[in-house]
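Trainee: Please find one structure pasted underneath; my questions will follow.
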Amino acid sequence: MDRKKFYITTPIYYPSGNWHIGHCYTTVICDALARFHKMLGEEVFFLTGTDEHGQKIEKEAQKRGVTPMQFIDPLVSELKDMWRLLNISYDRFIRTTDEQHVRSVQKIYQKLYESGDIYKAEYSGYYCTPCESMWTEAQLVGGKCPDCGREVTLQKEESYFFRLSKYAPRILKLYEDEPEFLQPKSRINEMVNNFLKPGLQDLCVSRTTVKWGVPLPFDPNHYAYVWIDALSNYITALGYMSGDDSLYRKFWPADLHMVGKEIVRFHAIIWPAILMALGEPLPKRVYGHGWLLIGGDKLSKSKQEQARGQLTDPYELVKRYGTDAVRYFLLREIPFGSDGDYTGEKLLNRINADLANDLGNLVSRTTAMICQYYGGNLPPRGKTEGVDGELIALAEGAFKKVKRAMDGLNAPDALAEIFNVVSRANKYIDETTPWLLAKDESKQARLGAVLYNLAETVRICAVLLKPFLTESPKRILESLGCDAEAGFDTLTFGGLKEGVPIEKLPPVFPRIDVKKELDEVDRIVKSKKKTTEQKKQKAEEVQVSEITIDDFAKVQLKVGEVVACERVENSDKLLHETVKIGEEVRSIVSGIAKYYTPEEMVGKRVVVVTNLKPVKLRGVLSEGMILCAEDKDGNLALVSPEKEMQSGGSVR
Ligand code: MSP
């Protein structure tokens, strides 16, 4: 029989580099859902990735004097590190600069152009660069972006438009016929009242001023609007419109697009309209979750961390408290669908109350008592009596409740069910007082039964916790002599065999002294603030300060001759040149593939910075930089000696 499929996606992240704990929220929830469905025996495809095109990236790279790819690559590695740290079990990490994605986006545009859903007209509107969003004058709030409140710029250009307005009635009908499509329910009202009722306008889907993007196949002076490029990732990642679309046929439509509430309109209006125009099925569910707030604001790492004395850096948080603690906080603390507050204190209280006290105590008390009274071998199950029935029923019934919560995507409720069993088991210890039973010869059988019931409850809780916490449940299962890979098919009470060796576990989550820790965090945040301010000041000084001839002399510039050139594999931006500089031959990678073909490059005299530290770009060694001039639109032209000049000559 065919296994049930489950295709789940996170939004693809802007490679901003300012990763904060709020960013981890969407992805950790998706990871718990993906793991849960894998444990149900379903065939899961879990997609995440990065959204790498657009004006924001183009500008940031320009500001730093590097190519967009040089700017993005390290940030993407950082993001992948962060997901590794949080044990995110994605099946594919897509980058919108992947060539296959770019080609499929071009085919999507071509198809919509040919069907008449994309047409050319004059665009005039307001653009918010940080949100990469377009607005009409009427939509602005006090002349600013209605989403983020920042400045917008008036833009006029000839553009291609998508006939979004045509699909408005079908989208309204979709919400009516399939209310499950967009959740929580309140988001439907937002979409209808804020966007559909006032009337949808056709959407401008191309730019000529932003060149860091996907060129349109039918008019290469125009580049795809980043949101169309980005949304398409959900199908291009499955090979849609590529040579091999088997994954697409297997997994589409997606079971769930999990997104933050600020990007619901892209996923619940624009995306279904595009899919309708392409004649493709719609995703089954879009969920717009709330935000993690700090002092009432959406997190922004640099601003908030320093202003409010909170640590928001995921690397730092995981380093201090561990992966499971950070995952637990994110999954448990925020009522699902609503906003929730993050403070260091709340995080520490959660760790102490639930993980160290409830779960940690249950595990250490249970394993310690089995070691103390039975030499580390599990006693037999024995007779069920007194309060046993209640504990056993709760432990056995937990899976059903957890599943119901997870069907509603509600991880906080699912965890509450599991911790309900944990608390009941702690209470059971107090009720049955094993330490008193141990003192009475005639109560040995009862002591054995009590400890067995506890060990079995711990085992069931550990299996249930596996989608949420990725390290401690495995340690707990191993200490009970169980397979760490145990799945939901092992949840019947009585699975543990008499005599299995039980290992005394040290506290799985050590208790944290909240006051001491908050003081320490305060100290770290203050010292970070100081360092950032110093860096900023230094950067400003460097920007405005004049340089001496000696400073300039530190940069070694030489004339080189390109003797060979090829494209860098899997990149449509990079060329790999072999450059002869006097007697020396160097390998250099440059982001100029959009402006020069490899054939054009061969034979060119260029100016090379020869004393730059070598780096690897897309795995290719780059031992220098070829100088280019750049105009305000980001077009590049090589800088060459104006007269014939031998290679190796210095430039001064
Ligand atoms: N690139 C777009 C998505 C394109 S999807 C086709 C984007 N990227 S993002 O990097 O800004 O956001 C990624 C995810 O992080 C979004 O789901 C966003 O809601 C989430 N979060 C960022 N800050 C957040 C909080 N403070 N709290 C919860 N989630 C938030 O949007």
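The values are calculated or read from the model by the stated rules, or taken from the named source; none is laboratory data. Keep in mind that this is a model prediction, so the values were computed, not measured. Methodologically, a virtual Cβ is constructed for each residue, glycine included, from the backbone with ideal geometry; neighbour enumeration extends over all protein chains shown. SASA here: full protein model, heavy atoms, side chains in, ligands and nucleic acids out. Shrake-Rupley method; radii C 1.70, N 1.55, O 1.52, S 1.80 Å.
Trainee: Can you tell me which residue is nearest to Glu520 (Cα to Cα) among those in region 344-372 that are open to solvent by 40 Å² or more (accessible area, probe 1.4 Å) and within 32 Å of the chain's Cα centre (by Cα)?
Mentor: Checking each candidate, the answer is Glu345.
Trainee: So, one more: If you take the residues of region 202-239 that are open to solvent by 10 Å² or more (accessible area, probe 1.4 Å) and among the hydroxyl-bearing types (Ser, Thr, Tyr), which of them is nearest to the chain's Cα centre (by Cα)?
Mentor: If we take residues in region 202-239 being open to solvent by 10 Å² or more (accessible area, probe 1.4 Å) and among the hydroxyl-bearing types (Ser, Thr, Tyr), then Tyr223 is nearest to the chain's Cα centre (by Cα).
Trainee: Applying the selection to region 47-69, what residues are away from the ligand (no atom under 15 Å from the Cβ) and either within 23 Å of Thr323 (Cα to Cα) or not in a helix (DSSP H, G or I) (or both)?
Mentor: Scanning region 47-69 gives Gly65, Val66, Thr67.
Trainee: Residue check, Leu256 against (1) without any contact (Cβ under 8 Å) to a residue 60 or more places away in the chain; (2) more than 11 Å from the ligand (Cβ to nearest atom); (3) under 17 Å from the mean Cα position of the chain (by Cα), all met but one. Which one?
Mentor: Going through (1) without any contact (Cβ under 8 Å) to a residue 60 or more places away in the chain; (2) more than 11 Å from the ligand (Cβ to nearest atom); (3) under 17 Å from the mean Cα position of the chain (by Cα) one by one, Leu256 breaks only (1).
Trainee: Could you check region 2-36 and list, in sequence order, the residues that are closer than 15 Å to Lys250 by Cβ and out of contact with any helix residue (DSSP H, G or I) (no Cβ under 7 Å at 6 or more places or on another chain)?
Mentor: Those that are closer than 15 Å to Lys250 by Cβ and out of contact with any helix residue (DSSP H, G or I) (no Cβ under 7 Å at 6 or more places or on another chain): Asp2, Arg3, Lys4.
Trainee: Which ones in region 219-239 are outside any helix (DSSP H, G or I) and more than 10 Å from the ligand (Cβ to nearest atom)?
Mentor: Matches in region 219-239: Asp219, Pro220, Asn221, His222, Tyr223, Ala224, Tyr225, Ala237, Leu238, Gly239.
Trainee: Output the number of the condition that Ser242 fails; it satisfies all remaining conditions of (1) within 12 Å of the ligand (Cβ to nearest atom); (2) open to solvent by 20 Å² or more (accessible area, probe 1.4 Å); (3) in contact with a Lys or Arg (Cβ under 8 Å, 6 or more places away or on another chain).
Mentor: All conditions are met except number (1).
Trainee: Name the pairs: first residue in region 393-410 and aromatic (Phe, Trp, Tyr), second residue modelled with pLDDT of 95 or more and not in a helix (DSSP H, G or I), Cβ to Cβ under 7 Å, at least 6 apart or on different chains?
Mentor: Listed pairs, sorted by first residue: Phe399/Leu491.
Trainee: Follow-up. Yes or no: Ser640 more than 25 Å from Glu60 (Cβ to Cβ) and open to solvent by 40 Å² or more (accessible area, probe 1.4 Å)?
Mentor: Details: more than 25 Å from Glu60 (Cβ to Cβ): yes; open to solvent by 40 Å² or more (accessible area, probe 1.4 Å): yes.
It is true that Ser640 is more than 25 Å from Glu60 (Cβ to Cβ) and open to solvent by 40 Å² or more (accessible area, probe 1.4 Å).
Trainee: Kindly establish whether Arg35 is on the phi < 0 side of the Ramachandran plot, of a type outside the set (Gly, Ala, Ser), open to solvent by 40 Å² or more (accessible area, probe 1.4 Å) and in contact (Cβ under 8 Å) with a residue 60 or more places away in the chain. Walk me through how you get there before you give the answer.
Mentor: Values: on the phi < 0 side of the Ramachandran plot: yes; of a type outside the set (Gly, Ala, Ser): yes; open to solvent by 40 Å² or more (accessible area, probe 1.4 Å): yes; in contact (Cβ under 8 Å) with a residue 60 or more places away in the chain: yes.
When the stated conditions are applied, Arg35 passes them.
Trainee: Would you confirm, using the coordinates I've provided, whether His101 is under 21 Å from the mean Cα position of the chain (by Cα), modelled with pLDDT of 95 or more and part of a loop (DSSP other than H, G, I, E, B)? If you could, list the steps in order and put the result at the bottom.
Mentor: Details: under 21 Å from the mean Cα position of the chain (by Cα): yes; modelled with pLDDT of 95 or more: yes; part of a loop (DSSP other than H, G, I, E, B): no.
No.
Trainee: Being farther than 30 Å from Lys383 by Cα and surrounded by 14 or more Cβ atoms within 10 Å (Cβ to Cβ) is the requirement here; does Asp513 meet it?
Mentor: Taking the combined requirement at face value, the residue does not satisfy it.
Trainee: Can you say whether Ile88 is more than 22 Å from Ile274 (Cα to Cα), of a type in the set (A, V, I, L, M, F, W, C) and either free of Cβ contacts under 8 Å to residues at least 60 places away in the same chain or part of a strand (DSSP E or B) (or both), as far as the supplied structure shows? Step through it out loud before you land on a result.
Mentor: Working: more than 22 Å from Ile274 (Cα to Cα): yes; of a type in the set (A, V, I, L, M, F, W, C): yes; either free of Cβ contacts under 8 Å to residues at least 60 places away in the same chain or part of a strand (DSSP E or B) (or both): no.
Judged against the criteria, Ile88 is not a match.
Trainee: To continue, here is another question. Which members of region 581-606 meet the condition of being in contact (Cβ under 8 Å) with a residue 60 or more places away in the chain and open to solvent by 40 Å² or more (accessible area, probe 1.4 Å)?
Mentor: Result: Glu583, Glu584, Lys594.
Trainee: Can you name the residue in region 385-407 that is open to solvent by less than 40 Å² (accessible area, probe 1.4 Å) and under 25 Å from Cys30 (Cα atoms) and is also farthest from the chain's Cα centre (by Cα) among such residues? Lay out the reasoning, then the answer.
Mentor: Here is the first cut: in region 385-407, the ones open to solvent by less than 40 Å² (accessible area, probe 1.4 Å) are 388-389, 391-392, 395, 397-398, 402, 405-406.
Right, trim to under 25 Å from Cys30 (Cα atoms) and you get 397-398, 402, 405-406.
Working: Gly397: 33, Ala398: 30, Val402: 25, Ala405: 23, Met406: 20 Å.
Here the residue is Gly397.
Yes/no matrix, rows are residues, columns are (1) at pLDDT below 90; (2) closer than 30 Å to Tyr596 by Cα; (3) not hydroxyl-bearing (Ser, Thr, Tyr):
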| position | (1), (2), (3) |
| --- | --- |
| Glu503 | no, no, yes |
| Arg511 | no, no, yes |
| Lys516 | no, no, yes |
| Lys526 | yes, no, yes |
| Val542 | yes, no, yes |
| Val563 | no, yes, yes |
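Trainee: OK, next. Within the set of pairs 6+ apart or on separate chains, which have a first residue in region 128-149 that is under 19 Å from Lys261 (Cα atoms) and away from the ligand (no atom under 16 Å from the Cβ), a second that is part of a strand (DSSP E or B) and open to solvent by 70 Å² or more (accessible area, probe 1.4 Å), and C-beta atoms under 7 Å apart?
Mentor: none
Trainee: Which pairs have Cβ atoms under 6 Å, sit 6 or more apart or on different chains, and link a residue in region 1-30 that is under 17 Å from Phe336 (Cα atoms) and open to solvent by 50 Å² or more (accessible area, probe 1.4 Å) to one that is more than 6 Å from the ligand (Cβ to nearest atom) and outside any loop (DSSP other than H, G, I, E, B)?
Mentor: none
Trainee: What single numbered condition from (1) more than 22 Å from the chain's Cα centre (by Cα); (2) at pLDDT below 95 fails to hold for Lys301?
Mentor: Here Lys301 clears every test but (1).
Trainee: Can you tell me which residue in region 1-46 is farthest from the ligand (Cβ to nearest atom), limited to those that are of a type in the set (Asp, Glu) and assigned to a loop (DSSP other than H, G, I, E, B)?
Mentor: Initially, region 1-46 is screened for residues of a type in the set (Asp, Glu), giving 2, 31, 42-43.
Then keep just the ones that are assigned to a loop (DSSP other than H, G, I, E, B); that gives 2, 42.
Values: Asp2: 29, Glu42: 23 Å.
The residue in question is Asp2.
Trainee: Of the numbered conditions (1) hydrophobic (A, V, I, L, M, F, W, C); (2) open to solvent by 10 Å² or more (accessible area, probe 1.4 Å); (3) part of a helix (DSSP H, G or I); (4) away from the ligand (no atom under 14 Å from the Cβ), Ile263 satisfies every one except a single condition; which is it?
Mentor: Unmet for Ile263, out of (1) hydrophobic (A, V, I, L, M, F, W, C); (2) open to solvent by 10 Å² or more (accessible area, probe 1.4 Å); (3) part of a helix (DSSP H, G or I); (4) away from the ligand (no atom under 14 Å from the Cβ): (4).
Trainee: Looking at region 150-184, which of its residues are touching a strand residue (DSSP E or B) at 6+ places or on another chain (Cβ under 9 Å), part of a loop (DSSP other than H, G, I, E, B) and away from the ligand (no atom under 16 Å from the Cβ)?
Mentor: If the condition is that a residue be touching a strand residue (DSSP E or B) at 6+ places or on another chain (Cβ under 9 Å), part of a loop (DSSP other than H, G, I, E, B) and away from the ligand (no atom under 16 Å from the Cβ), then Glu151, Val152, Arg163 are the ones that fit.
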